[in-house]
Amino acid sequence: MALKIISPKNSFVQFDTTENLAECGNLPFNMCLPVSADDDLYFQFAIQADSEGEANLLCDLTNDQITMGITDKCAHGLLVTFADKTERYRISPTQVLYNWGHGVKDFKTVISNGGCFYIKVQTSQYGVSYDWCSNCFIRQDDTCNTSVIDYTGDDNQFGFDYCGGAAVADNMETCEPTIIGFTNVATLYIPYTALLQSKYGSVPTASVWVYDGSGDLVEMIMRVALDAFPPTAIKVDLGGVSSGIVKIS
C-alpha cells in the first residue's frame, strides 16, 4: 500500500516522489522561481492511491488528511502550516484531485528577501508518513522586469483537471457544472443522484448565487453540507428566504 503525488506536466509547481530535489544553495545557477506576493502561486496536484480504500481515507468529510505549508529545506519541517483547505475532487476510484487557490500566505514572515523556500504536502496512512516537496522558489521583493502568468480554463486540457470528473490519465473531456434554480426558500435539500456522483465524484463542490436588490446574481458564503459520505443529498442553509441558483461541480 502506498500513495504518490502527481503534478500536471505544465505546472510551475512540481512535486517529486522518486528523487531528491536539489537544494537551493547547491544549484549551479539560480533556478528557483521568483515569488513576490502571497497570491503568486495557485496550483493543483493529485494523490494516487494503490487501492480504493486508501483513496476513501483521503475523502474524509472534514478534509483533514492533507497538511500543507512551506519550508526552507526539503529535509526540514514546516515553517508555516497553511490554515486553509484545498478544494478537493474524487476523480477516479484511486485518485483525489486537490486545487490550491490560497497562495503562500505568511511566507514573508519566515523567508527573508532573496531566501529560498519549498512547498510541502504531508499525510499519513496505516502508520506510513508521506512528505512531498516542491521545486524551489525564491522570495523576490523587487518586482521590476517580472510578470505573473495566470492560466485558467473550463475544460481539462494541457495536463490540468478543472472539472474534477476524470482521472488524470484521461483528462481531455469537457464537464459542465449542474445549475439548480430555487425561488423564495430558506433551505435547500438537493438529492445527490447516481448521475451527479458519476459526474462530480463523492466530494462535490457547491456554490450558491442569490439575486440581490438590483436583480444581479451574487455569489454568497452559505452553509453547504453533505449528509453523508458518499453523499445522498446536498443541504444548503440560505440564512433567510432567497431566490437564485446552486452550481454543482
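If I model a spin label as a point 7 Å beyond the Cα along the Cα-Cβ vector, how far apart are those points for Lys4 and Asp106 in nm?
3.4
Under a crude label model (7 Å from the Cα following the beta-carbon direction), how far is Ser36 from Gln65 in nanometres?
3.9
List, in the order given, every pair from Lys4/Lys73; Lys120/Lys199; Lys73/Lys108; Lys4/Lys85 whose Cα-Cα distance in the structure shown is over 22 Å.
Correct reply: Lys120/Lys199.
Between the alpha-carbon centers of region 220-248 and region 42-75, tell me the distance in whole angstrom.
Cα centres, region 220-248 to region 42-75: 25 Å.
Multiply the residue separation of Lys235 and Phe12 by 0.36 nm, subtract the distance between their alpha-carbon atoms, and state the gained length in nm to one decimal.
On the way: separation 223, 0.36 × 223 = 80.28 nm, distance 3.66 nm.
Gain in length upon complete extension: 76.6 nm.
Read-outs: derived from the displayed coordinates by stated rules, not from any lab. This structure is a prediction, so every number in the text was calculated from the model and none was measured. Neighbour counts run over all protein chains shown; Cβ positions are idealised from the backbone, glycine included.
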